[in-house]
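Participant: Please see the structure below; I have some questions.
The values are calculated or read from the model by the stated rules, or taken from the named source; none is laboratory data. Not measured: the values here are computed from a predicted model. Cβ atoms come from the backbone with ideal geometry, glycine included; neighbour counts cover every protein chain shown. Keep in mind that these areas ignore ligands, DNA and RNA; they rest on the heavy atoms of the full protein, side chains included. Shrake-Rupley method; radii C 1.70, N 1.55, O 1.52, S 1.80 Å.
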Amino acid sequence: MAPRKYDIVIWGASGFTGSHLVEYLALNAPAGTRIAIGGRCRDRITSVRDKLAAKHPDAAISLESMDILVGDSLSAEDMRAVAAQTRVVASTVGPYAVY
């Protein structure tokens with residue numbers, strides 16, 4: 001198996017739960033953990049990343065170093081492309097009663 005670019009992709013990073021997971025991992029993941037954040041809207045994901053970077057300039061993992069992935073969670077093709085790049089996808093996409 002070819003090496004993956006990321007260890008973790010947080011999918012749904014601009015939502016309430018996703019933004020908390022991004023913050024937690026930035027502060028607590030082991031050094032060298034390769035994290036990307038993703039969802040449907042690049043602008044919203046960038047906004048979350050920038051706000052958290054301003055709040056935690058000394059985070060263990062630089063928020064600015066987290067790549068942003070964009071796709072539609074209802075598209076099997078988009079989700080295969082995301083999964084192919086990482087060891088783990090942590091999906092925080094809701095509403096949880098439906099998905």
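Participant: Within the stretch 20-33, can one find any residue that is hydrophobic (A, V, I, L, M, F, W, C) and not in a helix (DSSP H, G or I)? Lay out the reasoning, then the answer.
Facilitator: Step one: list which residues in the stretch 20-33 are hydrophobic (A, V, I, L, M, F, W, C), which gives 21-22, 25-27, 29, 31.
Applying the additional criterion that residues be not in a helix (DSSP H, G or I) yields 29, 31.
Looking for residues that are hydrophobic (A, V, I, L, M, F, W, C) and not in a helix (DSSP H, G or I), one finds at least one in the stretch 20-33, hence yes.
Participant: Would you check if V93 is more than 24 Å from A2 (Cβ to Cβ) and touching a strand residue (DSSP E or B) at 6+ places or on another chain (Cβ under 9 Å)? Before you say what the answer is, go through the steps one by one.
Facilitator: Working: more than 24 Å from A2 (Cβ to Cβ): yes; touching a strand residue (DSSP E or B) at 6+ places or on another chain (Cβ under 9 Å): yes.
Yes: the conditions hold for V93.
Participant: Would you check which residues across the stretch 7-18 are in contact with a helix residue (DSSP H, G or I) (Cβ under 9 Å, 6 or more places away or on another chain), outside any loop (DSSP other than H, G, I, E, B) and closer than 21 Å to L74 by Cβ and list them?
Facilitator: Passing the criteria: V9, I10, W11, G18.
Participant: Out of the residues in the stretch 34-57 meeting the condition of being assigned to a loop (DSSP other than H, G, I, E, B) and under 15 Å from the mean Cα position of the chain (by Cα), tell me which one is surrounded by the fewest Cβ atoms within 10 Å (Cβ to Cβ). Show your work before the answer.
Facilitator: Taking the stretch 34-57 first, the residues assigned to a loop (DSSP other than H, G, I, E, B) are 34, 40-41, 56-57.
If we keep only those that are under 15 Å from the mean Cα position of the chain (by Cα) as well, we get 34, 40-41.
Values: R34: 18, R40: 16, C41: 10.
Among them, the one singled out is C41.
Participant: Could you list, in sequence order, the residues of the stretch 58-74 that are out of contact with any helix residue (DSSP H, G or I) (no Cβ under 9 Å at 6 or more places or on another chain) and over 19 Å from P3 (Cβ atoms)?
Facilitator: The initial filter retains those residues of the stretch 58-74 that are out of contact with any helix residue (DSSP H, G or I) (no Cβ under 9 Å at 6 or more places or on another chain), namely 58, 65, 67, 74.
Of everything in the stretch 58-74, those that are out of contact with any helix residue (DSSP H, G or I) (no Cβ under 9 Å at 6 or more places or on another chain) and over 19 Å from P3 (Cβ atoms) turn out to be D58, L74.
Participant: Can you find, within the stretch 58-91, the residue that is most open to solvent (accessible area, probe 1.4 Å) among those that are assigned to a loop (DSSP other than H, G, I, E, B) and over 20 Å from P30 (Cα atoms)? Can you show your working first?
Facilitator: Let us first name the residues in the stretch 58-91 that are assigned to a loop (DSSP other than H, G, I, E, B), namely 58-62, 66, 71-75, 84-85.
Filter once more, so that each one left must be over 20 Å from P30 (Cα atoms): 71-75, 84.
On the way: G71: 11, D72: 65, S73: 48, L74: 130, S75: 30, A84: 65 Å².
Within the stretch 58-91, the match that is most open to solvent (accessible area, probe 1.4 Å) is L74.
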